[in-house]
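The values are calculated or read from the model by the stated rules, or taken from the named source; none is laboratory data. Source: prediction; values computed, not measured. Glycine gets a Cβ as well: all are built from the backbone with ideal geometry, and neighbour counts include every protein chain shown.
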Amino acid sequence: MSDSDSILLTLSEGVLEITLNRPERLNAFNDEMHLALRAAFQRAHDEAEVRCVLLTGAGRGFCAGQDLGDRDPRKMDGPPDLGHTLETFYNPTLRLIRALEKPVIAAVNGVAAGAGANIALACDIVFAAKSARFIQAFSKIGLSPDAGGSWSLSRLLGEARAKGLALTAEPLGAEQAEAWGLIWKAVEDAELMAVARAQAATFASGPTRGLGLTKMSIQAAATNSFDAQLDVERDNQRIAGRSEDYAEGVIAFFDKRTPEFKGK
Ligand code: LHQ
């Protein structure tokens, strides 16, 4: 279904499953994979049939960040402009993930390093296999965090742990990541995809508008005052209250039956 082998795409029952697919490089990003991933999230934005996104990696890794073979200083004329790389390739995708008014699940199946870790952390719900590790690898090669990592780590963990992970580049195991509140759940390796897909199926048959607005409200809270946030909640509830799914949810409650949400 994809026009690129560097990611695999399936759309089934409202779930767009995206698999990063360069397993021999632990799914490190080359330019082709960047563009394919961005196109997949754009599709999730554009197509109403997509009601949830599930992002995972092929093979034993989730994603090892940038393919360093593509950024080898020995093959370059002078110092590279990595800011250009971020602005061209990473940042548009990260902005799409955060702006997508549908739940995005990451199923971190193995090591997630550098920008690979931080793309996972930009997702809304992160499941990780117990054997998975999150590594802020940047400091090992003379870089500083990117792909939203400085933002996500600081907000999710606070400054002490954010600095600890980013400065030392020590791997953080999935169970510790859950205990620290960095991810939603660490699960047994063998159960990861079943657990993540079950959650994706639940979201994809859920009240898509309400779920999207929930995501937007929580994200807005990160920078809002209490007062401003009350306004956001008022505005979002106004929109949610006009959805067909809200009416269905309330009627189903009174009928004592399971609601049939249509995502409208
Ligand atoms: C890789 C990579 C990789 C190429 C494993 N590239 N081949 C943004 C702006 C622009 C430029 C710079 O970057 C960024 C953002 C970033 O993401 S910076 C951070 C880039 N990532 C890293 O520094 C992580 C590098 N990888 C590692 O430290 C290790 O591979 C980890 C800890 C992820 C996994 O270690 P192992 O489980 O021991 O696996 P491995 O090292 O043996 O890797 C398996 C293969 O994958 C190996 O190839 P080989 O041919 O020897 O089997 C690696 O060379 C290759 N690989 N990461 N990022």
Are any residues in region 6-20 within 14 Å of the ligand (Cβ to nearest atom) and either outside any strand (DSSP E or B) or out of contact with any helix residue (DSSP H, G or I) (no Cβ under 9 Å at 6 or more places or on another chain) (or both), and if so, which ones? 6
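Rundown of residues vs (1) more than 16 Å from residue 124 (Cα to Cα); (2) of a type in the set (D, E, K, R); (3) in contact (Cβ under 8 Å) with a residue 40 or more places away in the chain, yes/no style:
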{"residue": "185", "(1), (2), (3)": "no, yes, yes"}
{"residue": "193", "(1), (2), (3)": "yes, no, yes"}
{"residue": "208", "(1), (2), (3)": "no, no, yes"}
{"residue": "215", "(1), (2), (3)": "no, yes, yes"}
{"residue": "242", "(1), (2), (3)": "yes, yes, no"}
Flagged in region 75-86 as more than 25 Å from residue 24 (Cβ to Cβ) and more than 10 Å from the ligand (Cβ to nearest atom), in numbering order, are 77, 78, 79
If a residue must be over 25 Å from residue 206 (Cβ atoms) and out of contact with any Ser or Thr (no Cβ under 9 Å at 6 or more places or on another chain), how many such residues does region 32-59 contain? 1
Is it true that residue 28 is crowded, with 22+ Cβ neighbours inside 10 Å and either modelled with pLDDT of 95 or more or under 14 Å from the mean Cα position of the chain (by Cα) (or both)? yes
Filter region 38-61 for residues that are of a type in the set (A, V, I, L, M, F, W, C), touching a helix residue (DSSP H, G or I) at 6+ places or on another chain (Cβ under 6 Å) and not in a helix (DSSP H, G or I); which is nearest to the ligand (Cβ to nearest atom)? 58
Please give the number of the condition residue 72 fails out of (1) touching a residue at least 40 places away in the same chain (Cβ under 8 Å); (2) of a type in the set (Asp, Glu); (3) more than 25 Å from residue 204 (Cβ to Cβ); (4) more than 9 Å from the ligand (Cβ to nearest atom). (1)
Selected residue (criterion: surrounded by the fewest Cβ atoms within 10 Å (Cβ to Cβ)) from residues of region 184-225 that are over 19 Å from residue 100 (Cβ atoms) and of a type in the set (A, V, I, L, M, F, W, C): 190
In region 125-151, which residues are among the small types (Gly, Ala, Ser), in contact (Cβ under 8 Å) with a residue 12 or more places away in the chain and within 14 Å of the ligand (Cβ to nearest atom)? 129, 131, 132, 137, 139, 144, 147, 148, 149, 150
Number of positions in region 186-207 that are in a helix (DSSP H, G or I) and out of contact with any helix residue (DSSP H, G or I) (no Cβ under 7 Å at 6 or more places or on another chain): 15
Looking at region 66-76, is at least one residue under 19 Å from the mean Cα position of the chain (by Cα), buried (at least 24 other Cβ atoms within 10 Å of the Cβ), in the same structural domain as residue 19 (by TED's automatic domain parsing) and within 16 Å of residue 115 (Cβ to Cβ)? yes
